[in-house]
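Let me begin by presenting the structure, written as structure tokens, before commenting on it.
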């Protein structure tokens, strides 16, 4: 870059420890990343699916060894096999996309992870439904990544979706609900949507008060 240039390269995205921890919890909440194959597959597909299973185990093993680049390469091949067997819209394809996206997050390649995780959410919505645990886990994971990338305008609706599902399930007293409500409030504050931020903060305070006990100061 010329010495007189005023243009500076964008600072790299760095997810905070809190966001990374919440993303790990969200990944667990979505169920097995690489799903158990509950539906019987046609015999003609078995050789390709055995290759998929081999690549899956290879990718998992490489990740455990800390060889993320090699784990990503194996996961990409696994995804290609899934698509050749199932097409682009299938629950197993979504699981492979989520796994590959998570590997890219582990490698701090957030821009590469983002479209994969977005695809996983959309496919799970179509194949499993919006209220399925795996769908909501993917929604939450994606929301946290977007928030960590400072894309609060895209993260907020997803956080709202996840929180609303918890309210409907009677889970608003869970500690993780309060933590994510706090994240949503902060996103709205950054977006200067102060009415929504205040509503979130008030709900959070009410939940914390109830957790402490009605008689506590």
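Here are the numbers:
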item	result
Residue that is over 27 Å from residue 115 (Cα atoms) and out of contact with any helix residue (DSSP H, G or I) (no Cβ under 7 Å at 6 or more places or on another chain), where the choices are 186, 205	205
Residue satisfying all of: in the range 137-155; surrounded by fewer than 24 Cβ atoms within 10 Å (Cβ to Cβ) and within 12 Å of the chain's Cα centre (by Cα); farthest from residue 15 (Cα to Cα) among these	137
Evaluation of residue 178 against (1) more than 21 Å from the chain's Cα centre (by Cα); (2) farther than 26 Å from residue 113 by Cβ; (3) part of a helix (DSSP H, G or I) (one fails), failing number	(1)
Helices (runs of 4 or more DSSP H) contained entirely in the range 2-107, each with at least 1 residues that are modelled with pLDDT of 95 or more, on the phi < 0 side of the Ramachandran plot and surrounded by 14 or more Cβ atoms within 10 Å (Cβ to Cβ)	46-64, 68-86, 91-106
Which listed residue is surrounded by fewer than 21 Cβ atoms within 10 Å (Cβ to Cβ) and within 18 Å of residue 208 (Cβ to Cβ), from 180, 161, 186	186
Residues (out of contact with any helix residue (DSSP H, G or I) (no Cβ under 8 Å at 6 or more places or on another chain), assigned to a helix (DSSP H, G or I) and free of Cβ contacts under 8 Å to residues at least 24 places away in the same chain) located in the range 133-166	157, 164
Of the criteria (1) touching a helix residue (DSSP H, G or I) at 6+ places or on another chain (Cβ under 7 Å); (2) more than 30 Å from residue 74 (Cβ to Cβ), which one residue 210 fails	(1)
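The values are calculated or read from the model by the stated rules, or taken from the named source; none is laboratory data. Only a predicted model underlies this, so the values are computations on that prediction, with no experimental measurement involved. Positions of Cβ are generated from backbone atoms using ideal geometry, with glycine treated the same way; all protein chains shown enter the neighbour counts.
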